[in-house]
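The values are calculated or read from the model by the stated rules, or taken from the named source; none is laboratory data. Everything numeric in this text was worked out from a predicted model, so none of it was measured. In this analysis, Cβ positions are derived from the backbone assuming ideal geometry, glycine residues included, and neighbour counts consider all displayed protein chains.
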Amino acid sequence: MSPIRVVIADDHPVLLVGMQTLLRSASCIEIVGTARSGEAALALVAELKPDVLLLDVEMPNLSGIEVARRLHGAESAVEILVLSAHADPEYVKKMMAYGVAGYLLKDEAAHDLVRAIEAVAQNHLPWFSPSIRAQFGKLAEPHSAATLTVREIEVIRHLTKGKTNYAIAQSLEISEKTVEKHLDSIYRKLNVRSRTEAAVAAVQADLL
């Protein structure tokens, strides 16, 4: 199996070196580039086309949120794994709105970083730090999540990848109106009001 190609974007030199050291010990991962600004991160993703972008939220020139927004708008294939010192739900919601594959707190990354990269790159599953999951733990009750149909679970899996209704419809070979109906049902069953809340609820309920 080919190694997972990773670009690291973090403006803190000590953390950048620490992540490089950690990831170089994993035979399944290849670091293909590092960036210390948001603009450099975008340039490296465009040039190197990595499998995963490890992205700090607070970056000079362009914030991590803006980097994620631009990559999402460009429908980039890179999986974005956010690394942040902030557990603020607003940061998480903004990043998830732009289709990021996961959100790791830096003080927990040493234990989970390699597994998180493998999860988002090889299995296309989202990965969130335990404390991030705990913040959103009340979004979905287990009994409501259990009532989702097979098709609704398929829809929500595509939703967590940041896909539009049109893209979901194309992938599942159904109409956009059918996708909308499934989403209405998902929101009702999970007791949520947005795509972001539905995605977090799906992660919390282990639906993915």
Just a yes or no: is a residue in segment 76-85 crowded, with 23+ Cβ neighbours inside 10 Å, assigned by TED's automatic domain parsing to the domain that holds residue 43 and either free of Cβ contacts under 8 Å to residues at least 12 places away in the same chain or of a type in the set (D, E, K, R) (or both)?
-> yes
So which residues in segment 107-134 are outside any strand (DSSP E or B) and buried (at least 20 other Cβ atoms within 10 Å of the Cβ), if there are any at all?
-> 109, 113, 116, 117, 120, 121, 126, 129, 132
Looking only at segment 5-15, and only at residues there that are in a helix (DSSP H, G or I) and without any contact (Cβ under 8 Å) to a residue 60 or more places away in the chain, the one that is nearest to residue 107 (Cα to Cα) = 14
For the subset of segment 150-164 comprising residues that are out of contact with any His (no Cβ under 9 Å at 6 or more places or on another chain) and not polar (S, T, N, Q), which member is farthest from residue 76 (Cα to Cα)?
-> 150
Output the qualifying pairs, or none if there are none: Cβ atoms under 6 angstrom, residues six or more apart or on different chains, first residue in segment 53-73 and farther than 18 Å from residue 109 by Cβ, second residue in a helix (DSSP H, G or I) and of a type in the set (Lys, Arg).
-> 65/94
For segment 90-105, how many residues are among the aliphatic types (A, V, I, L, M) and either in the same structural domain as residue 160 (by TED's automatic domain parsing) or part of a strand (DSSP E or B) (or both)?
-> 2
Of 56, 51, the only residue that is in contact with a Gly (Cβ under 9 Å, 6 or more places away or on another chain), closer than 19 Å to residue 116 by Cα and outside the structural domain of residue 164 (by TED's automatic domain parsing) is 56
Show the residue pairs that are 6+ apart or on different chains and have beta-carbon atoms under 8 Å apart, the first residue being within segment 165-177 and in the same structural domain as residue 151 (by TED's automatic domain parsing) and over 15 Å from residue 75 (Cα atoms), the second being small (Gly, Ala, Ser) and in a helix (DSSP H, G or I).
-> 175/169; 176/169
Filtering segment 16-60 for residues that are of a type in the set (A, V, I, L, M) and part of a helix (DSSP H, G or I) leaves a count of 13
With the checklist (1) in contact with a Lys or Arg (Cβ under 6 Å, 6 or more places away or on another chain); (2) at pLDDT 90 or above; (3) closer than 24 Å to residue 123 by Cα in hand, flag the one item residue 98 doesn't pass.
-> (2)
Out of all the residues in segment 63-71, is one or more acidic (Asp, Glu), at pLDDT 90 or above and under 12 Å from residue 7 (Cα atoms)?
-> no
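Here's the yes/no breakdown for (1) under 17 Å from residue 121 (Cα atoms); (2) out of contact with any strand residue (DSSP E or B) (no Cβ under 9 Å at 6 or more places or on another chain):
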site	(1), (2)
25	no, yes
28	yes, no
40	no, no
47	no, no
71	yes, no
81	yes, no
104	yes, no
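Using the structure shown, decide if residue 49 is at pLDDT below 90 and basic (Lys, Arg).
Judged against the criteria, residue 49 is not a match.
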